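Input: a single structure, listed below in structure tokens.
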Amino acid sequence: MNIDLHCHSNVSDGALAPADVARRAARAGVAVWALTDHDQLAGLAEARAAAEGEGMRFVDGVEISVTWRGGTVHVLGLRIDPGNENLAAGLAAVRDGRLERARAMARELQAAGIDGAYEGALERAENPAMVSRTHFARYLAAIGAVADTRDAFRRFLVPGKPGYVPHQWAVLADAVRWIVAAGGQAVLAHPGRYGLSAGAMDALLQEFRAAGGEAIEVVTGSHSAEQSRHFAAIAAQYDFAASRGSDFHGPEEGAEFGSLPPLDPRLRPVWHEWAL
Ligand code: AMP
Ligand code: MN
Ligand code: MN
Ligand code: MN
């Protein structure tokens, strides 16, 4: 069964509306699908209606931005109750400050010779309060300052490059607890992206588990085959459940639905207790 538990709509930094993401997932053969917008639940109702109309099983999800040891990590919440007020309040606090950060990013880009980045990014954000580096990357590509959005995340927007402005996101243990208290399962997203040493990854995994985290993403759009194997071994070693998700953001922007390899059948999938 094709199960895809990580993707974005234009409620956060995806390119398509929730219903269009649902149709695209269904067309690609996805049978069980979660929408996991960054720090936002506003797309879930539309996504569920469209998904069920397409005959898919829908999973309410979210991807929470977390600051851990000065860097950013992402925690997915799966099967959360979208009406949970504690979770909603936590996410509202995490979202707060994106506009101000965007102004600071634009000032840095201006100093690096890029004009109009604040307006350009906001124009591309369906929801201004969710303006993100992705919207800046799309603007940089649109004006020809970079070849494409991938290139934008090499030359700009990352630590040490113009347009990177550090931001204080959620505390790891808080994010995991909001998810668990909302009836969900917490999954550490794309662990291969964080560039952590083995020792730091061990500390992150221990802290994540102690807070109530139960799974790690093993197969995901930004993992190489080698990273998927590595984190499959880590999942087995630490006895974490394993998840799979494309992290689709839009057509021609990285991973596509239906293009991922399956999870290693020796792993316990995060959906092992779901009645599928
Ligand atoms: P923000 O939450 O504003 O810091 O933006 C983070 C988003 O930028 C992530 O959710 C990704 O969609 C995107 N992103 C971060 N790093 C990269 C990268 N190296 N390549 C492509 N997209 C990236
Ligand atoms: Mn994103
Ligand atoms: Mn992420
Ligand atoms: Mn994501």
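When the accessible area of the chain is computed with all protein chains present and a 1.4 Å probe, what percentage of it is carbon and sulfur? It would help to have the intermediate numbers written out before the result.
Numbers: 5720 of 11670 Å².
Solvent-exposed carbon and sulfur of the chain make up 49 percent of the total.
Working ranking of peptides 146-155, 172-181 by packing, defined as the average number of other Cβ atoms within 10 Å per residue, highest first, is 172-181, 146-155. Residue separation of Ala129 and Arg266 scaled by 0.36 nm, minus their Cα-Cα distance, works out to 45.2 nm of gained length.
Amide hydrogen proximity for Leu35: with H placed 1.01 Å from N in the peptide plane, the residues at 5 or more positions away or on another chain lying under 5 Å are Val59, Gly61. Remark: segment 167-223 is approximated by an ellipsoid whose semi-axes, taken from the C-alpha gyration tensor as √(5λ), come to 19, 14, 11 Å, largest first.
Modelled this way, with points 7 Å down the Cα-to-C-beta line, the labels at Glu100 and Asp148 are 3.6 nm from one another.
Using the alpha-carbon positions of the chain, Rg (one decimal) and Dmax (whole number) come out as 17.8, 54 Å. The residues of segment 1-131 present an accessible area of 39 Å² per residue when probed at 1.4 Å with all protein chains retained. Inter-part distance, segment 5-26 to segment 88-136, computed on C-alpha centroids, equals 20 Å. Taking every DSSP helix (H) stretch of at least 4 residues in the chain, weighting each as -39,500 (n - 2.57) and dividing the sum by the residue count yields a mean residue ellipticity at 222 nm of -12000 deg cm²/dmol.
If you plug the beta carbon distance of Asp202 and Ala225 into 1/(1 + (r/R0)^6) with R0 = 25 Å, you get a FRET efficiency near 0.65.
Taking label points 7 Å from Cα along the Cα-to-Cβ direction, Ala210 and Leu122 give a separation of 4.2 nm.
The values are calculated or read from the model by the stated rules, or taken from the named source; none is laboratory data. All of these numbers come straight from a predicted model, not from anything done at the bench. Neighbour counts run over all protein chains shown; Cβ positions are idealised from the backbone, glycine included. Just the protein is used for accessible areas: all its heavy atoms, side chains included, with ligands, DNA and RNA removed. Shrake-Rupley method; radii C 1.70, N 1.55, O 1.52, S 1.80 Å.
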